[in-house]
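Here is the structure we will look at, set down as structure tokens.
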Amino acid sequence: MTEDEVKKLLKSVRAKQSRLLAMQRYINEQLVLMGGVRAVDYSAAPVQGSGDNQTEARYINHSDHLQKIQSIYDKLFDEMCAEEDGLAERMQALSPTEYEVILNRYMRGISVRKTADLMSYSEDGIYRVQQRAFKKMSSKGEET
């Protein structure tokens with residue numbers, strides 16, 4: 001794996017984490033809304049044609065939609081976990097400093113300046129540590 005492929009993998013995992021979080025929020029919000037619809041006592045409502053059937057049909061359609069979203073979520077989660085496993089294996093070769101730089105920069109999305117401040121390094125120092133980490137991570141697969 002090249003250094004660029006390692007960077008791409010790190011960015012992919014971060015993007016999937018972000019997308020999964022947004023999807024989970026959406027699913028939770030929709031489940032709360034659906035719970036409210038389900039809790040309404042439709043038997044007490046005045047009968048106006050097929051209103052109750054329309055509400056029930058919407059509920060079922062929405063439920064099907066959420067099941068599809070959940071299926072997409074599950075697939076994306078599995079993909080992200082597989083990528084994270086590969087990264088974890090490659091990151092074992094890193095020193096604690098290199099590990100922290102990669103974690104801050106790519107997994108937590110912290111800027112170079114902020115990472116430098118947090119770790120008491122210069123920005124150039126962070127770039128050097130990061131490059132060294134990428135080299136180690138890219139060569140990890142060829143050693144085995």
Collect the residues in region 80-91 that are surrounded by fewer than 16 Cβ atoms within 10 Å (Cβ to Cβ) and within 10 Å of the chain's Cα centre (by Cα), keeping them in residue-number order. 81
Number of positions in region 102-117 that are in a helix (DSSP H, G or I) and farther than 20 Å from residue 89 by Cα: 6
Yes or no: residue 83 in a helix (DSSP H, G or I), out of contact with any helix residue (DSSP H, G or I) (no Cβ under 6 Å at 6 or more places or on another chain) and at pLDDT 80 or above? no
Does residue 140 count as modelled with pLDDT of 90 or more and not polar (S, T, N, Q)? no
Among 116, 88, which is modelled with pLDDT of 95 or more and either at negative phi or of a type in the set (S, T, N, Q) (or both)? 116
Take region 47-79 and flag every residue that is open to solvent by less than 40 Å² (accessible area, probe 1.4 Å), more than 17 Å from residue 27 (Cα to Cα) and either at pLDDT 95 or above or not hydroxyl-bearing (Ser, Thr, Tyr) (or both). 51
Among the candidates 115, 97, which residue alone is among the β-branched types (Val, Ile, Thr) and open to solvent by 40 Å² or more (accessible area, probe 1.4 Å)? 97
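The values are calculated or read from the model by the stated rules, or taken from the named source; none is laboratory data. Predicted model, so just to flag it, every value in this text is computed and none were measured. Note: ideal-geometry Cβ built from the backbone for every residue, glycine included; neighbour counts use all protein chains shown. Protein only, heavy atoms only, side chains kept; ligands, DNA and RNA dropped before computing areas. Shrake-Rupley method; radii C 1.70, N 1.55, O 1.52, S 1.80 Å.
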